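Working notes, beginning with the structure itself.
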Amino acid sequence: MAIIEVTNLKKSFGSLEVLKNVSFEVKQSEVVAVIGPSGSGKSTMLRSLVHLEEVNGGSIKIGSDYVVKEGRYSGGHQIKEITARMGMVFQHFNLFPHLTVQGNLELAPKLVKGQHTADIRSKSTALLEKVGLTDKMDVYPQHLSGGQKQRVAIARALMMDPEILLFDEPTSALDPELTGEVLEVMKRLAEERMTMVIVTHEMGFAKEVADRVVFMADGQFIESGTPKELFGNPRHERTKAFLNRIL
Ligand code: ADP
Ligand code: MG
């Protein structure tokens, strides 16, 4: 069953058409890697899913609920409920600098769900252990490496029990030697059958972890397939040209 269903999504910034009738589905527990040249609309597509961008047409359906249906948005309260089922991890971590690592994890549950520290402490502690940062619990983000910051961001997203995790180039801002520790955490989530959509330049990781790879160019989904299909036998000229350039 599709947990994300996007149909004919359109988005423009002024006269610039960034998403041109994008349609795709993600199934429950599927790991989908999205690749494509810079400026092709990958971030805009992810941001639209969680309502950080408003689209100009088309539909986004999460499970059986519409964020937007044929260009008409659901009510604000309903949108919040639907988008809360997705967690997003950004390229630049977006941690709160004035909060400790554990404070970063606990802020959204407190603000959004009205939970109290006593009720979520064991959960934030367990998630920090899961991403290997138990010893950094009381540290402020400025004292962390990029890889550690990104692992905090992932743990923070998990605090809200998302059904879906969206990643926008999670390792692009990292020194090469720090990407492994982040990809390792993501790999473990994939093994736990978390549904994930990952915009990435890490072709090796996409090959290893993704069930499906989608190639996006110029605001359109050009083609998708298993990593073996898409990397080994791309059908479209644009996919071939892109892969030739980067592989
Ligand atoms: P990608 O993530 O694939 O690199 P983006 O979705 O970030 O692509 O951007 C797609 C296009 O939309 C680019 O041309 C970018 O400059 C433009 N764009 C993105 N966000 C905005 C914005 N807020 N205002 C105007 N143009 C934007
Ligand atoms: Mg981007």
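The values are calculated or read from the model by the stated rules, or taken from the named source; none is laboratory data. Keep in mind that what you see is a predicted model, and the values were worked out from it rather than measured. Cβ placement follows ideal geometry from the backbone for every residue including glycine, while neighbour counts extend to all protein chains displayed. The protein model used for the area step is the full one, side chains on, heavy atoms only, and it has no ligands, DNA or RNA in it. Shrake-Rupley method; radii C 1.70, N 1.55, O 1.52, S 1.80 Å.
Quick grid of which residues meet (1) at pLDDT 95 or above; (2) crowded, with 22+ Cβ neighbours inside 10 Å; (3) touching a Gly at 6+ places or on another chain (Cβ under 7 Å):
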site	(1), (2), (3)
Pro162	yes, no, yes
Leu178	no, no, yes
Met196	yes, yes, no
Pro227	yes, no, no
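Do we have any residue at all in segment 28-47 that's within 16 Å of ligand 2 (Cβ to nearest atom) and among the acidic types (Asp, Glu)? Checked against the condition, which is being within 16 Å of ligand 2 (Cβ to nearest atom) and among the acidic types (Asp, Glu), segment 28-47 yields no hits at all. Of the residues making up segment 56-76, not a single one is within 11 Å of ligand 1 (Cβ to nearest atom) and surrounded by fewer than 14 Cβ atoms within 10 Å (Cβ to Cβ). Number of residues in segment 202-218 that are surrounded by fewer than 16 Cβ atoms within 10 Å (Cβ to Cβ) and within 16 Å of ligand 1 (Cβ to nearest atom): the value is 1. With the condition kept exactly as written, say whether any residue in segment 60-76 is closer than 21 Å to Val112 by Cβ and within 16 Å of ligand 2 (Cβ to nearest atom). Checked against the condition, which is being closer than 21 Å to Val112 by Cβ and within 16 Å of ligand 2 (Cβ to nearest atom), segment 60-76 yields no hits at all. Pairing each residue of segment 1-12 that is farther than 14 Å from Glu54 by Cα and in a strand (DSSP E or B) with any residue that is open to solvent by less than 40 Å² (accessible area, probe 1.4 Å) and among the hydroxyl-bearing types (Ser, Thr, Tyr), provided the two are 6+ apart or on different chains, yields C-beta distances under 6 Å for Ile3/Thr195; Thr7/Ser59.
Flag: Glu169 does not match the condition of being more than 21 Å from Glu5 (Cα to Cα), touching a Leu at 6+ places or on another chain (Cβ under 9 Å) and within 16 Å of ligand 2 (Cβ to nearest atom).
Any residue at all in segment 90-104 that's open to solvent by less than 40 Å² (accessible area, probe 1.4 Å) and within 16 Å of ligand 2 (Cβ to nearest atom)? The answer is yes, given that some residue of segment 90-104 is open to solvent by less than 40 Å² (accessible area, probe 1.4 Å) and within 16 Å of ligand 2 (Cβ to nearest atom). When Val26 is tested against the conditions (1) open to solvent by 10 Å² or more (accessible area, probe 1.4 Å); (2) over 15 Å from Lys69 (Cβ atoms), the lone failure is (1).
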